[in-house]
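Engineer: One structure, pasted below without further comment.
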Amino acid sequence: MALADPGRRLRPGRDLARFRAYGHVVRGVDLNPVFVAMVRAHAPTSQCDLREVGSKFPAGTFDGIWASASLVHLAESETVDVLGQFAGLLRPGGRLYACLKATGRTGWLDEPDGRRWYTVWGQDEFAAAVTEAGFEVDRVDPGPYVEVWATRKG
């Protein structure tokens, strides 16, 4: 499972297209109906609120989840819950990539195409949340977006 990338508004579905080109079976998820329509050009995509993603697919369905800037618009408690849902959607040993904003401040940000909520995480706090959700953290890459690579336990 690869999640559509709302953080990169110029080219929704770019990551899905890359995974598909490498032979992976991909499935996109996005809340924004305009992005869903754009992403469907690259892969099957469902309009879905990430806070409900665990109810949209059977447990253990996916080998991997790619959440590139997908969680950045959720509050901390919502992100922790969604990480737990991701763990349930992955088979044991399944892989997770997730990145979130690690610079700036938490709150509303006015952007050229609308107003959005951003939650800023420290790398240690986000890695701890991933671990608590049922993952073993394999690698943390710091930067403006903290990137976490992890494996589902069990």
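The values are calculated or read from the model by the stated rules, or taken from the named source; none is laboratory data. Here the structure is a predicted model, which is why all the values come from computation and not from measurement. Glycine gets a Cβ as well: all are built from the backbone with ideal geometry, and neighbour counts include every protein chain shown. These area figures cover heavy atoms from the full protein model, side chains too; ligands, DNA and RNA do not enter into them. Shrake-Rupley method; radii C 1.70, N 1.55, O 1.52, S 1.80 Å.
To keep it simple, each residue is scored yes or no on (1) among the hydroxyl-bearing types (Ser, Thr, Tyr); (2) within 15 Å of the chain's Cα centre (by Cα).
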{"position": "55", "(1), (2)": "yes, no"}
{"position": "67", "(1), (2)": "no, yes"}
{"position": "80", "(1), (2)": "no, yes"}
{"position": "83", "(1), (2)": "no, yes"}
{"position": "87", "(1), (2)": "no, yes"}
{"position": "90", "(1), (2)": "no, yes"}
{"position": "98", "(1), (2)": "no, yes"}
{"position": "113", "(1), (2)": "no, no"}
{"position": "121", "(1), (2)": "no, yes"}
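Engineer: Would you confirm whether or not segment 121-136 contains a residue that is over 20 Å from residue 30 (Cα atoms), free of Cβ contacts under 8 Å to residues at least 60 places away in the same chain, in a strand (DSSP E or B) and open to solvent by less than 10 Å² (accessible area, probe 1.4 Å)?
Structural biologist: yes
Engineer: Quick test of your reading of the structure: residue 79 fulfils all but one of (1) at pLDDT below 95; (2) in contact with a Leu (Cβ under 6 Å, 6 or more places away or on another chain); (3) among the polar types (S, T, N, Q). Name the failing condition by number.
Structural biologist: Here residue 79 meets the rest and fails (1).
Engineer: Here is a follow-up. What number goes with the only condition from (1) within 23 Å of residue 91 (Cβ to Cβ); (2) touching a Lys or Arg at 6+ places or on another chain (Cβ under 7 Å) that residue 18 does not pass?
Structural biologist: For residue 18, the exception is condition (2).
Engineer: Just to check your reading of the model, which residue among 109, 90 is hydrophobic (A, V, I, L, M, F, W, C), out of contact with any helix residue (DSSP H, G or I) (no Cβ under 9 Å at 6 or more places or on another chain) and open to solvent by 50 Å² or more (accessible area, probe 1.4 Å)?
Structural biologist: Unique residue meeting the criteria: 109.
Engineer: Another question, then. Those residues that are open to solvent by 70 Å² or more (accessible area, probe 1.4 Å) and closer than 17 Å to residue 136 by Cα, I need them from segment 73-87; list them, please.
Structural biologist: 81
Engineer: For a quick check of your reading: which strands (runs of 3 or more DSSP E) sit entirely within segment 6-115 and have at least 1 residues that are more than 16 Å from residue 133 (Cα to Cα) and touching a residue at least 24 places away in the same chain (Cβ under 8 Å)?
Structural biologist: Passing ranges, in order: 28-30, 45-47, 62-68, 90-101.
Conditions tested, residue by residue: (1) closer than 30 Å to residue 104 by Cα; (2) at pLDDT 90 or above; (3) open to solvent by less than 20 Å² (accessible area, probe 1.4 Å).
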residue	(1), (2), (3)
20	no, yes, no
23	no, yes, no
36	yes, yes, yes
41	no, no, no
46	no, yes, no
55	no, yes, no
71	yes, yes, yes
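Engineer: Something else about it: Here is a list: 95, 139, 115, 152. Which entry is surrounded by fewer than 16 Cβ atoms within 10 Å (Cβ to Cβ) and over 23 Å from residue 34 (Cβ atoms)?
Structural biologist: Result of the check over 95, 139, 115, 152: 139.
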